[in-house]
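Please read the structure below before turning to the comments.
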Amino acid sequence: MYRILILILAFVHILPAQTDPFYLSEMNFGGYVTQGVAWADYDNDGHIDLFLSNGQKSYKFRNFLYHNNGNGTFSRIQNAGEITSDSLISIGCSWGDADNDGDPDLLVTNAPTGYTYTPNIYYRNNGDGSFSKRTDLGNLTQSDNKSYAVAISWIDYNADGYLDAFGSGADFNGNPKPNKLFQSEAGANFAFASNDLTTASTGLSSFSWIDFEGDGDPDIVTTSGSTTIPSILWLNNGGTFSPDTVSVALDFANSKGASWGDMDNDGDYDLFITNYGLNESTPQFNYLMRNDGIDLNNRPVMTILTENAIMQDTDFSNTSAWGDVDNDGDLDLFIGNDGGAANGYKSRLYMNDGFGNFTSLSSIAADSATFVYSCAFADADNDGDLDLMTGRDGANRFFVNQSSGNHYLEIELEGDQANRSAIGATAKLKATIDQQVVWQIRDVSGQTGTGGQNSMRLHFGLGDAVVIDSLIIYWPGSGTVDRFAGLAADQILKITEGKPLTLPEKEQRVLAGFSLNQNYPNPFNPVTAIPFQLHHPAQVQLTIFDISGQIIRKDKPAAFTSGSHQITVDGKGWSSGIYWYRLTVDGKSETRKMLLIK
C-alpha cells in the first residue's frame, strides 16, 4: 500500500571533535518549515518512527511520515491516508494511543488559511500502517472560528485511563486566546472540559505537563508567550486546577516553551523555559529553575538559577529537550534557537556534570542548527544512545549519537488500567555509577518541548554500571506501582502494568557472565575501541568480519579479569564500510556492527 522512498544512511565525511557526542547524517528528512517533531513506534515493530508537521503563515505544506526500517534506513511513507496527503498549515503534533487499542494515534493542530480556521485533526492508527482521518470527535475536531492551538498534546488529566487533549491558544496573529482542554469520553468523543485552565490565555506560547507533586495526577506549566502575561504553574487537584503565580511568576519575557527534567538527580522535576526575546531585535536569556519542593503553605518553591551557565547566554530560543546524550547518568539539555541575525542564532548543547551544573559544548548539533523551531530525542538506531532530530526553517537536520561506551537501559511502558501509552507515567531507576548510588527519574510525555515529542521509550544512561539495582514504575491514574531489581544494563525492556517482567534473551547476559557494548567512536577512522564487561574472570576471543562474512581479524583466546575492559582495533588497511565484531566469552558469543569511514 506504500509508495516508498528508501533513504540510505549516508554520513558527512566530517570527524567531529572527540568530545562531541553527535555526527551529522546526510539523510534528507522533510523540508519547508517544520514546526513539529514527534517520535513513536506507530507499527509496533520495535523501531521508532518519525512524524514531521510543516506550516507557516499563509503557506500550506505537506507533512511527512517516516518508517524506521531498523537496518540503518528510513522510508518516507506517502500513501497511508490523509496523514500524508493533507496540505495544511500544521503546527503542533502529538502521538498517543487515544482509543487504547495498542497502537499510537496522532493529533495535529493547524493554523488558519486566511480567515478560514482549520480544526485539530485526529489521525486514527488502523494497525496496518495506515491512518483514518476522524472529524467526528466532538469539540476536539471542530473549529470554533476564533482561535487555534499553537501546541497540542495528549494527557490523561483526570486519571480515568483515557487520553485527553490540551492545546495552547492563539489567533492567527499570535494574540492571546484561551487554552482548551478536551476531555475524552472513553476515546469515542471529546468535549470541552470546564476548569480553571481555560482562563489561562497564552498567546504564541506552549506548555508542559508533569506530576510536579508526585501525587499521581499531572500538573502543567503554561508559558507566557507575551511580556504582558506571566507563565503559570497549575497544580492538579483531582481534575481541577489552581494557579501558583508566585513560584513561576516570570513576567516581562516572551516565553515560548517549557521542558521538565530532573537535572540534579534529587528525585523531582526541574524546569527550563525558552524565551524568544523582549522584541524582534532584543534576545533574552532563558530561565532555568530548580525544584525545591513544597513550602509550609503547600506551595511549590522554584529557584531561578541566575548563576548557571545556561542563563548566561542570550538567544531567540524556540524549543528545548532534555536527554542524557553521553549516557553518564545525568540529563543534558539541547536548546533550539531561531533568527535575529542573517544566519540565525546557533543552537546550544549543554552538558551536565551530574549536579545540575552545565557547560556549553561546541557540537555539530549546535553549531550547524540555526532557525530551529522544534527538536526531539529518540534512540532511532536502537544502539542505546539518544539521537536528535531538529525541525528547521529550511532543511531539517538529523544528528546521530556516536556511542560513548557507557551503559544504558531503555524501557517501553504499556498501561493496563492506566492509559495504554502510559503517558504521565514516572520511572525511577537506581544504579551505582562511578561508585556512587544514583537515582534517576523519567516520565512519558505527549510533548517534551515546543513542537517536540521525545520518544515515549524512556532512556537512562548508566555510566559504568552493568546492573540496575532498582527500577520503580508509577502508573498514572491507576495507582499501580511496579518494582524490579537486579536487571542487566544495555537492553530495551517492555513492561506492562501489573504484569511480571518477561526478560528477553539479552537479559541472560548477566547469567552468561559478560556484556558487549558498541564500539566507540562509531563511525571510526581508523582506530576504535570495543568495550566489554566480565562478571567473572574468563577466556575472551575477538573476531572481526567484513560485510561479506570474511574473517579479517581473529585474536587468540586470552584471560581477562572481571570488570570493564576494551580492545583497540586499527582499521588502517581496511576499506570504508560496515564490519561486524564478535566477542566470545567461555564459549558464548555476541555480535555487533561498526562502520569505518575514510
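Within the chain, antiparallel bridges make up roughly 95 percent of the DSSP beta bridges whose residues both belong there.
Take every Cα pair under 8 Å whose residues are at least 6 apart in sequence, average their separation, divide by the length of the chain, and the relative contact order is 11 percent. Between residue 69 and residue 536, the modelled label-to-label distance comes to 4.3 nm, taking each label 7 Å out from Cα in the direction of the beta carbon. Ligands, DNA and RNA are left out, and with a 1.4 angstrom probe the accessible area of the chain is 37 Å² per residue. Can you bin every Cα-Cα distance in the range 381-538 into 10 Å intervals starting at zero and give me the percent of pairs per bin, rounded to whole numbers? That works out to 10, 34, 34, 18, 4, 0, in percent per bin.
Based on alpha carbons, the Rg and Dmax found for the range 402-495 are 13.5, 38 Å. In this rough spin-label picture, where each label sits 7 Å from Cα along the Cβ direction, the residue 580-residue 78 distance is 3.4 nm. Dimensions of the chain from C-alpha coordinates, computed as largest minus smallest value along each principal axis and given longest first, are 73, 53, 47 Å. Over 26 Å between Cα atoms: which of 554/598; 133/494; 133/180; 494/593; 60/256; 57/177 fall into that group? In this structure, 133/494 lie more than 26 Å apart at Cα. Each listed q (0.10, 0.15 Å⁻¹) maps to a log10 I(q)/I(0) for the range 513-598, found by the Debye formula over equal Cα scatterers with no solvent: -0.23, -0.51. For the chain, with all protein chains in place and a probe radius of 1.4 Å, 49% of the accessible heavy-atom surface sits on carbon or sulfur. Averaging the sequence gap over all C-alpha pairs within less than 8 Å and six or more residues apart, then dividing by the number of residues, gives the range 416-487 a relative contact order of 36 percent. Taking only DSSP H segments of four or more residues, each worth -39500 (n - 2.57), what value at 222 nm results for the chain once the sum is divided by all its residues, to the nearest 500 deg cm²/dmol? Mean residue ellipticity at 222 nm (helix-derived): -500 deg cm²/dmol.
With each label modelled as a point 7 angstrom along the Cα→C-beta vector, the residue 553-residue 292 pair spans 5.3 nm.
Take the Cβ atoms of residue 189 and residue 228, set R0 to 30 Å, and the FRET efficiency comes out at 0.25. Loop sites here are GluC sites (Glu not before Pro) outside DSSP states H, G, I, E and B with no more than 14 other Cβ atoms within 10 Å. The longest part of the chain free of them is 308-598.
Taking every alpha-carbon pair within the range 75-139, the share separated by more than 14 Å comes to 60 percent.
Across the range 380-455, the fraction of Cα-Cα pairs farther apart than 20 Å, rounded to a whole number, is 50%. Shape summary of the range 13-104, radius of gyration then Dmax from alpha carbon positions: 15.3, 46 Å. Based on Cα contacts under 8 Å between residues 6+ apart, the range 224-336 shows a relative contact order of 21 percent. Computed with a 1.4 Å probe on the full set of protein chains, the accessible area for residue 551 sits at about 90 Å². In a fully extended conformation the segment linking residue 278 and residue 591 would gain 107.3 nm over its present Cα-Cα distance, using 0.36 nm per residue.
The values are calculated or read from the model by the stated rules, or taken from the named source; none is laboratory data. Please read these numbers as outputs of a predicted model, since none were measured by experiment. Neighbour counts run over all protein chains shown; Cβ positions are idealised from the backbone, glycine included. With ligands, DNA and RNA removed, areas are computed over all heavy atoms of the protein, side chains included. Shrake-Rupley method; radii C 1.70, N 1.55, O 1.52, S 1.80 Å.
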